[in-house]
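Working notes, structure below.
The values are calculated or read from the model by the stated rules, or taken from the named source; none is laboratory data. This one's a predicted model, so the numbers in the text were calculated from it and none came from an experiment. With ideal geometry, Cβ positions are generated from the backbone for all residues, glycine too; neighbour counts draw on all protein chains shown. Ligands, DNA and RNA are excluded from the accessible area calculation, which covers all protein heavy atoms including side chains. Shrake-Rupley method; radii C 1.70, N 1.55, O 1.52, S 1.80 Å.
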Amino acid sequence: MLAAEILSFSYPINKTLKSPKFRPNLLPPLALSPSEYIPHRSNFRLHASLSELPSPVLVDSVPPHLRVEIYAEALPFIQKFRGKTIVVKYGGAAMKSEALQASVIKDLVLLSYIGLRIVFVHGGGPEINQWLGRLGIQPNFLNGLRVTDAATMEIVTMVLVGKVNKQLVSLINKAGATAIGFSGIDGRLLTARPSSKSSELGFVGDVACVDTSVIRPLIENNHIPVIASVAADESGQSYNINADTAAGELAAALGAEKLILLTDVAGILEDRNDPMTLVKEIDIKGIKKMIDEGKIAGGMIPKVNCCLRSIAQGVHTASIIDGRQPHSLLLEILTDKGAGTMITG
């Protein structure tokens, strides 16, 4: 549905409209450059069926009464999620691209405006690597996890808490919502413990416990907590926490309706080499079967396990969605097609 596009303020649109019986569907992104946008047609008229249009039409040229109908089509989704807590983990391509970053931020603000309670959790791997390079420190990874010695931990904290977190807070505030920045250290939001592989990984931690008392009043007043995935143990030692893990544990502790992980893939694929085999919805039993069959492997396993753990602790659904797709958050929440794979209990 185009509800996601039209509800998204005055975003740059790179979608086309073509569907019968005035019920438009959102087609896959075309990744058009501005010069490739189809110009507004001055002689546009509403046909009995939009499929009769001789060529695609930009959303901006949709007549007002059709826009109103599309707004109305979003109503059931707004009713379903209004007042519910949604935890969003942000990273990957959506963080590296300025255009996608703007899309995510505006989507968050829109969702907050219509009554969803948003909690925004972020990492910042590329930014950390950039600063390590400036200081002559070589990034080191083991099975996809950052090896974090004392010097690297200091940079991780400075970049995630002091730079990335405050940039995101500023962008959300500028877009019209009220964001407040935290790390897991603040208010003992996240208490860390050393990873079981700490001898190899250094100051990489797991989440020992979550105390949401510092952010609950903010969420209830429709503010957006923005949380950097750094935490400390009982002695005050800081640890680098995987952002997916932090988001999943927060979602469970908050009794969230939904956990959303923004990733650099389309979602869970039946065939890892074929993006057209996207699994739109799957339950825990189906996930375990795919893991046993080797269809879910590599870097997807930690993400899936994070989702399974959050669902086991009471989160209703968890979605792994394509952060490379503009407005993927709105597509996931305000349409029936979604933007990736939704995992249910």
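Key figures for this structure:
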quantity	calculated
Residue that is nearest to VAL265 (Cα to Cα), among those in the range 77-123 that are assigned to a loop (DSSP other than H, G, I, E, B) and among the aliphatic types (A, V, I, L, M)	LEU116
Qualifying position, being in contact with a helix residue (DSSP H, G or I) (Cβ under 7 Å, 6 or more places away or on another chain), without any contact (Cβ under 8 Å) to a residue 24 or more places away in the chain and on the phi < 0 side of the Ramachandran plot, among LEU190, LEU132	LEU132
Counted residues, the range 283-303 - those being among the hydrophobic types (A, V, I, L, M, F, W, C) and within 9 Å of ILE343 (Cα to Cα)	2
The range 327-345: number of residues that are in contact with a helix residue (DSSP H, G or I) (Cβ under 8 Å, 6 or more places away or on another chain), surrounded by 24 or more Cβ atoms within 10 Å (Cβ to Cβ) and more than 19 Å from TYR113 (Cα to Cα)	3
Filter result for GLY136 (assigned to a loop (DSSP other than H, G, I, E, B) and not polar (S, T, N, Q))	yes
Options ALA256, ALA232, ALA251, ALA228: the member that is within 16 Å of ALA192 (Cβ to Cβ), open to solvent by less than 20 Å² (accessible area, probe 1.4 Å) and either under 16 Å from the mean Cα position of the chain (by Cα) or without any contact (Cβ under 8 Å) to a residue 12 or more places away in the chain (or both)	ALA228
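Yes/no per residue for (1) under 30 Å from ARG146 (Cβ atoms); (2) open to solvent by less than 40 Å² (accessible area, probe 1.4 Å); (3) at pLDDT below 95:
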residue	(1), (2), (3)
HIS65	no, no, yes
LYS89	yes, yes, no
VAL104	yes, yes, yes
VAL121	yes, yes, no
